[in-house]
1. Among A:387, A:119, A:99, which one shows the biggest mean-square fluctuation in a GNM of chain A, springs joining Cα atoms closer than 10 Å?
2. What FRET efficiency comes out for the pair residue B:113/residue B:206, r = Cβ-Cβ distance, R0 = 35 Å, nearest 0.05?
3. Between residue A:414 and residue B:135, how many nm apart are label points set 7 Å from Cα along the C-beta direction?
4. Quick one: among B:227, B:109, B:48, which has the greatest mean-square fluctuation in a GNM of chain B with alpha-carbon springs under 10 angstrom?
5. How large is the translational diffusion coefficient of the stretch A:266-377 in µm² per second when you combine the Kirkwood radius over alpha carbon pairs with Stokes-Einstein at 20 °C and 1.002 mPa s?
6. From the helices alone, meaning DSSP H stretches of at least four residues, give me the mean residue ellipticity at 222 nm for chain B, per-run term -39500 (n - 2.57), in deg cm²/dmol to the nearest 500.
7. Under the Kirkwood approximation for Rh and a Cα-based Rg, what ratio Rg/Rh is obtained for the protein assembly as shown?
8. Can you give me the relative contact order of chain A as a percent, contacts being Cα pairs under 8 Å and 6 or more apart?
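None of the figures in this text is laboratory data; all of them are computed from the coordinates on show. Here the structure is a predicted model, which is why all the values come from computation and not from measurement. In this analysis, Cβ positions are derived from the backbone assuming ideal geometry, glycine residues included, and neighbour counts consider all displayed protein chains.
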Ligand SMILES: Nc1ncnc2c1ncn2[C@@H]1O[C@H](COP(=O)(O)OP(=O)(O)O)[C@@H](O)[C@H]1O
Ligand SMILES: [Mg+2]
């Protein structure tokens, strides 16, 4: 079996990496060892792995991704990139945390504006025991989470106290060197009655390096917490991007997420929301824009574990040229989770005959008194909308362009603040590029 | 100005308009009344160039020019405006951006200079006052989450900005309570002028108490079965459409 040998070789390689770096990796080594065992047992996803059916890894696993070591060569580039960004954003009053190839860059960050929020670089937090590495879930489908647990060295740990806290922007810069992997992890402890907003921008290098960006986000919302997370993925064109987000919502807490996937050659997002206690609610908007030979995959699961929880998920996909998208949205209502109110929509536009979307909303309901709806559309622009614009005197090409922008913009219309314009500019650029593909 | 001559329209092989003739002069206000399903919206859509309708007979001309050959946008450039019975919501498209693009597209078509954001803002404020609209409205997405009344006001506001020569208002009164109806009618009346013609499509005569028409036509089963002055609308109010339809059946 050639395929499984390759898989074996790959997992062996990761095992060796752990052995080689273990001494420098912060925190409890046993969890890392365990993660490598999980990985070795299940292997990396292949075409028989259900959750990876539509996303083949052949093209990225051919490359020999090693762990990254910071290269001093591009420090000036990063400095100018960060100052350019902060200039563009004007007087940025919110806190800014910058990570370069996975590691915290104190020199580029602004931590004086954190308000009551406690922040530690994850490496430090693990070393001093403020937080422990959480064990990964079992199974081949979670191989990249396991890899992150085994090899992650740094990231961000945030403890958000009660009350309204300042906005935080996190820049995760990757792709400084060819065929390297950047591991990064964010752990957020949103305490009871806290209120915060975190923007995460994944930004690739402007050179077209092939690199692997492996990210894991663990969000804990205590009772009554409100947390907004905007995740904007702008990796370079040759990048392999993986991000897993795990959200646990306690009683009456509210999670609001925006997930924008614009970059990378191959991008995979796994979002798992656990509505663990009564009255928790979640609202997530996802947008995928792919062109060229880009592939973006979003697997999103909402676990309704308790009664009277709400979930609203909207996915928008826009695909041109050979661009592909995968959306798997699963709502699982546990026995006894009465009063569940859940809605999931996936709306997709295909701009070329070779573009493809595999969109699958799934409902699994074990409670009686629930309100669940889901739907999926794939097609061209809405005829009524097109006629409405044309009847006002907009020529057809302009009307179409406006509707494409509107379709995408609907996914982040609730964004506010300086990043809204930045994101809108990127989306517009990408759309112009897509409509000329 | 607008001449509709023996217009016959089918949808998917089914005959909807069965020989409709209308003659609308500059500055005139015509009401077209008819029961549900009589073909009022079909007429409005065919006049403004929506596809999906098959015109199988005769003509529509504007100042002698064949309208049926023109796209919806070209008709708009000629000064035609349709106020929709059901204005569609467009999440993600900002109202103000949309209307500035629309006004500028029409100005370009006439060889006029485009408005910049500041010019447009002051013009749009002025028009919003006409309709007693809140300014926050301009920062919302087109018709997204609008109440029935807000949608209809928005249609008239768009008409005010685009300054058409001929406006067709398809059931602009439907879904409005009496206060909203007054605001919308006031807006329409302020936009009346000797150069601007209006076609008010409605099911109920109530609207015509506020916007007084010069002519009233009754549409039934795809044909105009009676035309007259304003008194025809009052007559209909009293006796209902059944009265005319019976009349017609007796004559055949
Ligand atoms: N898209 C369509 N497909 C099939 N039949 C239609 C369509 N639109 C309208 N009709 C039919 O055409 C007739 C006239 O409809 P319409 O013009 O909407 O009437 P009104 O606006 O007077 O209520 C009705 O019988 C309606 O069912
Ligand atoms: Mg109608």
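1. For chain A, modelled as a Gaussian network with Cα springs under 10 Å, the answer is A:387.
2. After rounding to 0.05, the efficiency reads 0.25.
3. In this crude label model, residue A:414 to residue B:135 measures out at 2.7 nm.
4. Greatest mean-square fluctuation among the candidates belongs to B:109.
5. 150
6. So the calculated ellipticity at 222 nm is -12000 deg cm²/dmol.
7. 1.07
8. Answer for chain A is 10 percent.
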